[in-house]
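The values are calculated or read from the model by the stated rules, or taken from the named source; none is laboratory data. Since we're looking at a predicted model, the values are computed, not measured. Glycine also receives a Cβ, built like all others from the backbone with ideal geometry; neighbour counts cover every protein chain displayed.
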Amino acid sequence: METATKSQAIQGGEFLIRETPAQDVFIPEEFSEEQRMMAQATQDFIDKEITPNIARMDSMEPGFMPALLDKAGDLGLLGIAIPEAYGGMGMSFNTSMLIADVIGSAGSFSTAFGAHTGIGTLPILYYGTEEQKQKYLPKLATGEWKACYCLTEPDAGSDANSGKTKAVLSADGKFYDITGQKMWISNGGFADLFIVFAKVGDDKNLSAFIVEKSFGGITMNEEEKKLGIKGSSTRQVFFNDTKVPVENMLSERGNGFKIAVNILNIGRIKLGAGVIGGCKETVTNAVRYANERKQFGVAISSFGAIKQKLADMATKIYATESACYRAGQNIEDSIQSLIDSGMPEAAAKLKGVEQFAVECAMLKVHGSEVLDYCVDEGVQIYGGMGFSAEAPMERAYRDARISRIYEGTNEINRMLLVGMAIKRAMKGELNLLGPAMAVAKELMAVPDFSQKDMSGLFAKEKEVLQNLKKAVLMVAGKAAQDFGPKLNDEQEILMNIADMMIEVYAAESTLLRTEKLVDIKGEEPVKHQVAMAQLYLYMAVEKVQQKGKEAIISFAKGDEQKVMLMGLKRFTKADVYNVKELRRSIAEYLIEKNVYAF
C-alpha cells in the first residue's frame, strides 16, 4: 500500500489503500493556545450558565434557551465558523469541531446550539448570495436572530427529497407562496429565521428558501414531548401561503437536495465531535461515583468488573476523539488547498467536506454509538442511583439516544458511506478496484511466511491494520462484483462492510495519535495511551472478524466461501494482548486522577 505524504495529501476514503505517517495526522494535543482559550471560555460558560440551571433548561422555562443563545452570541460562540466580514470570528474547521466537542456536555443546549450554528446558519454561509450573507449572517453570529432548519416532513424523513411542501411563484413573479408541514424542527419554537425546503412546480428536486418569521403564514403545534433533550424546542411547523420574496431562494432552483446533503455532511462530523464532551463528562461522573461508593467495605472502583467498564469507556472515547480531529484536519487541509488553487472560499469549504463525506458518516456513527455505550455503562456503574433522576446519569442516558437518529440515522449513514466509497471508485476518484483485485489474487497465492522487520514502534500493530484493510477490500470487492448495482438492496451486507470500515479507521486513528504522542513525549509518559491503542485494536480485530464473517456467509457459496473465510481468518490474525492487564492499567490511572484524564 502507498504511503501518504504532505506533497500528495490523502483524499477521502483513501485510508483503506494508503498508509498515513503519524507525523501527518493532527492530534488534539496540538491545539494552539488560542484554541485552548476558546475551549476554556466555552467550558466556563457551561459551568456558569448551564450546569447550575439544568432544571430550568429541561423544564423549558419560557425564554431560558433563547437567553442562553444570546449569552453564547455575546461570547462569540455562535460565530466561530462565520467570517469576520459578516460579524463572526472566522476560525478554522477544527476549531469549530473543538467548540462542538466542549458543548457536547451541555445537554439540551448542545442541540439548540448545533441547530443554530450548523444547519440553521451554514446554508446561508455556503450557498447564500452576497446580499443574503450581509443581511442575515451578522444577526445569526450575535444571536440577535435564532435559526432553524425545516427539511423533515411526516412522510419524508430519510427520503428527504420526497417532501411535499410546495412553493408556488406568484403571478407578478415577486414571491413564492410556500405551503406545507415540517416536523421535528429544533429551535422551531423561538426561531426568527427558517431554512425551508420545498418543491417548485413539478420539480424532481427540492429548492431551498430563507424564510423570516415576520413573513407570516407560519403556525406551530405545541412543543413535542420527548424522551430526552427535553430543554430543546422541537415543534411541528406549518407554512400556509407564506410569502417569500424570490430573492430569498438559496442557490438555484432545484438545488435544495444538494444543499441538504452537503450541510448534513458537515453536521455529521460535527456530531461526531459533539458527543465527545458528553462522553468525557460521563466517565468523570462514573469514576468519581465509583471512588465514593462503598460496597463490602471498599470503593467499587477497586472491583475488576468496574475497572473493565471504565477502561472500555475511556478507550472508545479516545478512539472517537483521535478519528474526529484527524478527519477534521484533513478537511481543513483540503479546503485550504482548494482555496490556494483559486476556488472561492465558500465553494472550497463545501468541496473540502464533500471530499471526506465517507469519514463524516463514519464518525457520526462511531461517535453516537460510543456516547450511547458510555451513558449505558455509566448508569450501570451508578447502579440503582443511575436510574434515579436525582443523579446525572438518568438525564445523560435519555439525552444521548437522539444522537443515533438525527443527522441521518446510523443505519442510513452506514449504507451511505459504503455506497459513497463504491461510487467514487466507479467514477475513478478512489482507486479501490486495483487494491481489491490484488487482495483477491493474494487469497489464491501461497502465504508469505518470510520474517518481517517488527522492531519499530507499533510495527506489529501496523501489520495487523494493513491486514484488516485487506479484509475490508476482500469483502467489499467481492460483494460489489457479485451484486453490482443491486448491492444497494443488500442492506445487511452494506452495514457489515460499514462496520468493518469504521473500526479500521478508528483503530488506525488511535494508533497514529499514540505514535505521534510517543514521538513528542516518549513512551513512558503516554503508556496509558499506548494501552488504549492496543486495547482498541483488539476490539477492532474482533469486530472486523465478526462482521466480515456475517457478510461472507450472506452471499458467498461453496469453495468460494471457504476461501474467503480462510482469507478473513488470515487477515484478522493478531498477537494476543492481555486485555485484562491493559484495562486495569487504564482504569487505575482514571481512578487515581478521579477524572477522564486523557
_Some residue of segment 444-467 being of a type in the set (D, E, K, R), under 21 Å from the mean Cα position of the chain (by Cα) and surrounded by fewer than 23 Cβ atoms within 10 Å (Cβ to Cβ)_ = no
*Could you check, for segment 404-417, whether at least one of its residues is at pLDDT 90 or above, assigned to a loop (DSSP other than H, G, I, E, B) and either β-branched (Val, Ile, Thr) or surrounded by fewer than 19 Cβ atoms within 10 Å (Cβ to Cβ) (or both)?*
yes
*Only one of (1) out of contact with any Pro (no Cβ under 9 Å at 6 or more places or on another chain); (2) crowded, with 23+ Cβ neighbours inside 10 Å; (3) not acidic (Asp, Glu); (4) not assigned by TED's automatic domain parsing to the domain that holds Thr234 fails for Phe197. Which number is that?*
(4)
*Go through segment 285-320 residue by residue and tally those that are within 22 Å of the chain's Cα centre (by Cα) and surrounded by fewer than 24 Cβ atoms within 10 Å (Cβ to Cβ).*
1
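Let's see how each residue does on (1) out of contact with any Gly (no Cβ under 8 Å at 6 or more places or on another chain); (2) outside the structural domain of Leu193 (by TED's automatic domain parsing):
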{"position": "Ile124", "(1), (2)": "yes, yes"}
{"position": "Glu130", "(1), (2)": "yes, yes"}
{"position": "Ala141", "(1), (2)": "no, yes"}
{"position": "Gly157", "(1), (2)": "yes, no"}
{"position": "Ser162", "(1), (2)": "yes, no"}
{"position": "Phe175", "(1), (2)": "yes, no"}
_Tally up the residues in segment 143-169 that are without any contact (Cβ under 8 Å) to a residue 12 or more places away in the chain and in a loop (DSSP other than H, G, I, E, B), please._
3
_Meets criteria (more than 23 Å from the chain's Cα centre (by Cα), surrounded by fewer than 23 Cβ atoms within 10 Å (Cβ to Cβ) and within 12 Å of Ala471 (Cβ to Cβ)) for Gln546_ = yes
*Where a residue in segment 221-236 is in contact (Cβ under 8 Å) with a residue 60 or more places away in the chain and assigned by TED's automatic domain parsing to the domain that holds Phe109 and its partner, wherever it lies, is aromatic (Phe, Trp, Tyr) and in a loop (DSSP other than H, G, I, E, B), with Cβ under 8 Å and at least six apart*: none
*Of all residues in segment 72-84 being crowded, with 16+ Cβ neighbours inside 10 Å and more than 17 Å from Gly277 (Cβ to Cβ), the one that is modelled with the lowest pLDDT*: Ala81
_Being assigned to a helix (DSSP H, G or I), under 12 Å from the mean Cα position of the chain (by Cα) and in contact (Cβ under 8 Å) with a residue 12 or more places away in the chain narrows it down to one residue among Glu377, Glu369; which is it?_
Glu369
*Pick from Val379, Val358: which is of a type in the set (Val, Ile, Thr), closer than 18 Å to Ala286 by Cβ and modelled with pLDDT of 95 or more?*
Val379
